[in-house]
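All remarks here apply to the structure that follows.
The values are calculated or read from the model by the stated rules, or taken from the named source; none is laboratory data. Just so it is clear, the model here is predicted, and its values are computed rather than measured. Glycine gets a Cβ as well: all are built from the backbone with ideal geometry, and neighbour counts include every protein chain shown.
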Ligand code: C5P
């Protein structure tokens, strides 16, 4: 699929505290191979030739970012995050000029295992089709709906996907959709849900299931395993080695 290469901007919401991680610092500052999760995430995105700018939304009390090497990176800019993830994303959108960057990607700070070929697939699909989209992985297990720990029904899994990040949209479409959804007090857990709210289309682009979000303590060891495996095969990532 042919598409025009254009400069891209990424927003990384990193203002969460990651309560479920039960760590003594926000989860994006936990370390894998002596490097914070946030630095792994940013380094991968920054290594993509079309990504020119990375806006990181930080928590008001963040005392960790300044201790990383990220502030020295030319592509990195910082904004104050908000109460919810969507508020942090909107804070990033507010400082983007859509004429300079007509498309924006949003990627969770806590997903450091993103493979470059998945990032390429997302960018190519969105620009070639001129329709926004998200990385996603098909549900594998049989799915149950439950109430009070009792099964109510089996949910058809054929059409179910796990919504991952990055999620990529035209900058103006995403900003308008988020503003409309917030005005209507709709529940917005990712960019695609804001686009759905405003009746827009989103493509599902199949991603490796290795693109995990570090959420629970066990995920840290799994992410380390995945990163080390990716580094040893060295096909899908570029990190400072
Ligand atoms: O908590 P969860 O893992 O779902 O958060 C997803 C991403 O959103 C994380 O990178 C987190 O730092 C970010 N976030 C944010 N602002 C908030 C809450 C979460 O930037 N108020």
Can you find even one residue in segment 168-190 that is surrounded by fewer than 22 Cβ atoms within 10 Å (Cβ to Cβ) and part of a strand (DSSP E or B)? yes
Looking at segment 198-218 only, could you name the residues that are part of a loop (DSSP other than H, G, I, E, B), more than 16 Å from the ligand (Cβ to nearest atom), within 15 Å of the chain's Cα centre (by Cα) and surrounded by 15 or more Cβ atoms within 10 Å (Cβ to Cβ)? 207, 208, 210
Within segment 69-90, track down each residue that is touching a strand residue (DSSP E or B) at 6+ places or on another chain (Cβ under 8 Å), more than 9 Å from the ligand (Cβ to nearest atom) and at pLDDT 95 or above. 70, 75, 76, 77, 78, 79, 80
Of all residues in segment 10-25 being in a loop (DSSP other than H, G, I, E, B) and either more than 7 Å from the ligand (Cβ to nearest atom) or free of Cβ contacts under 8 Å to residues at least 12 places away in the same chain (or both), which is nearest to residue 169 (Cα to Cα)? 17
For segment 48-62, how many residues are more than 13 Å from the ligand (Cβ to nearest atom) and modelled with pLDDT under 95? 0
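Rundown of residues vs (1) under 17 Å from the mean Cα position of the chain (by Cα); (2) without any contact (Cβ under 8 Å) to a residue 60 or more places away in the chain, yes/no style:
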position	(1), (2)
2	no, no
8	yes, no
29	yes, yes
39	yes, yes
43	yes, no
48	yes, no
55	yes, yes
